[in-house]
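Each value in this text was obtained by applying a stated rule to the coordinates, not by laboratory testing. Not measured: the values here are computed from a predicted model. Glycine also receives a Cβ, built like all others from the backbone with ideal geometry; neighbour counts cover every protein chain displayed.
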Amino acid sequence: MGVTVSNLLMGPAKLSTGVVGATESTSNATALGAGWTDVGGTEGGCTLTIDQTFTPLGPIDQIVIAAGARRTAVGVKVKTNLAEATLANLRVALNQAVNAATFVEIDGDASNVDPNYQAVCLEGMRPGGAGPRRVFVRRTLSTDSIGVPFLKDGMTLFPVTFEAYYVSSSIKVVRVDDTP
Amino acid sequence: MATTKVRTTIRPLEELEVGPEEYLDLQRLGFLFDTKATTDDGLQTAAEKQTEQRSDTTPAEIEGKV
């Protein structure tokens, strides 16, 4: 089988976060507009993971192999380490709203109010090398434990995992977009 | 079932047809936007402006819970 070498991909992605509902550009040739913030450097790559669970139909007495399956769960995650240890990025990791204050506080109160969901955009190369591929995950929460190491011989990184949540029937959870 | 045509801040150039339940959810999420703009650029700019205003609002405020 022939190989199209220009379809092979390698290289880092740019990670931006935004308010849920942030406007996506009409084409990938246009920069992301208001409502999106580039989180800056990352370390260890950015990984989009799409977990799918299919529950088999069967087997039954008369058929010994599954007759089919139904999709019964989907999980979407974006995982990376934020390399720029700013308070703005700590707020992103803690699902806190954008704030100009020079401190971050964490409360211990229980609440029934929705947390601060975030939209996430990964921007890397698309096959063909002619421009970017954007992955929009439209409603996420950063759900990982946030370890903040202070090391004499290592960088301080904020590990983040953005886990996706349902938006609506018409607005899909994830969009992988190669539009030029 | 009655449906309504809406535009959202996410992809303002696309018109969606939604039922009443989804309409309510999109409204509470702050995704719906109404504009007099008719051009593609105008729609995009209006949506970004609304998004920018929402960036200064807490999620609870958006959903009318505080």
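Quick notes on this structure:
- Counting Cβ atoms of other protein chains within 10 Å of each residue's Cβ and taking the mean over peptide B:36-44 gives 1.
- Three-way shape label, region A:1-123, alpha-carbon gyration tensor, a/c 1.5: oblate
- When shorter helices are ignored and each DSSP H run of at least 4 residues is given -39500 (n - 2.57), the per-residue value for the protein assembly as shown at 222 nm works out to -4500 deg cm²/dmol.
- Rounded, prolate or oblate (a/c below 1.5 giving rounded, otherwise prolate when a/b exceeds b/c) for region A:49-92 by Cα gyration tensor: prolate
- Selected from A:Val160, A:Val39, A:Val113 as most flexible by GNM, with chain A as the system and alpha-carbon contacts under 10 Å: A:Val113
- Spin-label zone in region A:140-180 - amide nitrogen under 20 Å from a point set 7 Å from the Cα of B:Asp40 along the C-beta vector: A:176-180
- The Rg/Rh ratio for the protein assembly as shown is 1.01, where Rg is the radius of gyration of the alpha carbons and Rh is the Kirkwood radius.
- Placed amide H near A:Arg126: partners under 5 Å, 5+ positions off or other chain: A:Gly131, A:Arg133
- Among A:Gly11, A:Gly21, A:Gly147, residue whose mean-square fluctuation peaks in a GNM of chain A (springs only between Cα atoms under 10 Å): A:Gly11
- Pairs of Cα atoms nearer than 8 Å and 6+ residues apart set the relative contact order; for chain A it is 25 percent.
- Note that region A:130-180 shows a convex hull volume over its alpha carbon atoms of 80 Å³ per residue.
- For A:Ala31, the shell of other residues with beta-carbons less than 12 Å away shows a net charge of -2, using +1 for Lys and Arg and -1 for Asp and Glu.
- Checked against a 31 Å cut-off, the cross-linked pairs A:Lys79/B:Lys49; A:Lys14/B:Lys36; A:Lys172/B:Lys49; A:Lys14/A:Lys152; A:Lys14/B:Lys49 give Cα-Cα distances beyond that limit for A:Lys14/B:Lys36.
- Note on chain A: GNM, Cα springs under 10 Å; of A:Thr140, A:Thr17, A:Thr102, the largest mean-square fluctuation is that of A:Thr102.
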